[in-house]
Amino acid sequence: GIQVEQSPPDLILQEGANSTLRCNFSDSVNNLQWFHQNPWGQLINLFYIPSGTKQNGRLSATTVATERYSLLYISSSQTTDSGVYFCAGGETSGSRLTFGEGTQLTVNP
Amino acid sequence: GAVVSQHPSRVICKSGTSVKIECRSLDFQATTMFWYRQFPKKSLMLMATSNEGSKATYEQGVEKDKFLINHASLTLSTLTVTSAHPEDSSFYICSAVKTGGAGELFFGEGSRLTVL
């Protein structure tokens with residue numbers, strides 16, 4: 001099955017800083033999503049991005065499908081951005097997702 | 001739109017009892033749902049794929065007799081942990097794919113099971 005490698009595993013930022021999270025896949029994926037897991041455990045959908053670039057406020061994501069990686073950009077980080085960010089990939093649209101190990105982000109005031 | 005609701009959010013039970021967790025897609029139909037398990041400070045691990053009207057497909061190493069999955073309608077899948085033991089304590093999360101949608105998965109709030 002697909003292997004998902006996320007980096008960095010931990011990231012500590014000062015409020016206002018920018019960051020880039022990366023996800024590498026062992027094989028081609030046609031289903032790729034980024035999530036933020038809140039302190040209560042719920043997964044918040046950030047992006048559904050099998051290819052291309054999307055932006056939503058201070059967050060944006062880019063997937064280069066041919067090179068099997070995806071990037072999540074967080075600009076002007078806020079303390080409320082803290083938490084675990086997961087990327088997950090699947091072979092086909094709507095297929096099961098394999099999750100990376102996550103990036104624990106801490107934004108300090 | 002695309003709301004998935006899980007119930008209960010927290011449950012504590014005695015060893016040997018069975019616990020049922022419900023996963024509902026509130027505003028869309030979902031032919032396929034997935035059940036994941038998450039240990040503290042770990043990633044999500046897929047347990048099984050639930051398909052409406054047919055038997056669930058379990059991942060390797062997941063006991064199908066221990067974790068019973070039923071997907072009786074296009075908006076409801078249930079996970080029953082049978083004869084629960086302390087090692088079954090975990091965070092269980094379901095997700096659903098909108099039938100006819102783009103393929104994005106939507107996740108429930110999760111259910112935290114504690115077996116005493």
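Bear in mind that the values in this text are calculations on the coordinates, not laboratory data. As the structure is a computational prediction, the values presented were derived from the model and not from experiment. Every residue, glycine among them, receives a Cβ derived from its backbone with ideal geometry; neighbour counts consider all protein chains shown.
Brief remarks on what is shown
- Where labels lie 7 Å past Cα in the beta-carbon direction, separation of B:K20 and A:T20 in nm: 5.1 nm
- GluC sites (Glu not before Pro) restricted to region B:5-106 and DSSP loop, no more than 13 other C-beta within 10 Å: B:E63
- Extending 7 Å from Cα along the Cβ direction at B:E87 and again at A:E91 yields two label points whose distance is 3.0 nm.
- Förster-model FRET efficiency, 45 Å R0, B:T57 and A:Q78, C-beta, rounded to 0.05: 0.65
- Per-residue mean of C-beta atoms belonging to partner chains within 10 Å, peptide B:77-89: 0
- Each Lys and Arg contributes +1 and each Asp and Glu -1, all at the Cβ; summed about the Cα centre of the protein assembly as shown, the dipole is approximately 340 debye.
- The H on the amide N of B:V62, modeled in the peptide plane, is under 5 Å from the matching H of no residue at least 5 residues off or on a different chain.
- Long-range HN-HN contacts of A:A17 with modeled amide H, under 5 Å: A:S77
- For the residues of B:3-9, the average number of beta carbons from a partner chain within 10 Å of their own beta carbon is 1.
- Neighbour cut-off at most 11 other Cβ (10 Å), DSSP loop, trypsin sites (Lys or Arg not before Pro), region B:1-85: B:K14, B:K41
- Each part gets one Cα centre, and for region A:44-64 versus region B:52-112 those centres are 27 Å apart.
- A:E101 long-range amide H proximity, modeled H, under 5 Å: A:Q6
- Mean per-residue shielding of peptide A:96-106 is 4, counting Cβ atoms of other chains within 10 Å of each Cβ.
- No Cys partner within the rule (Cβ under 4.7 Å), chain B: B:C13
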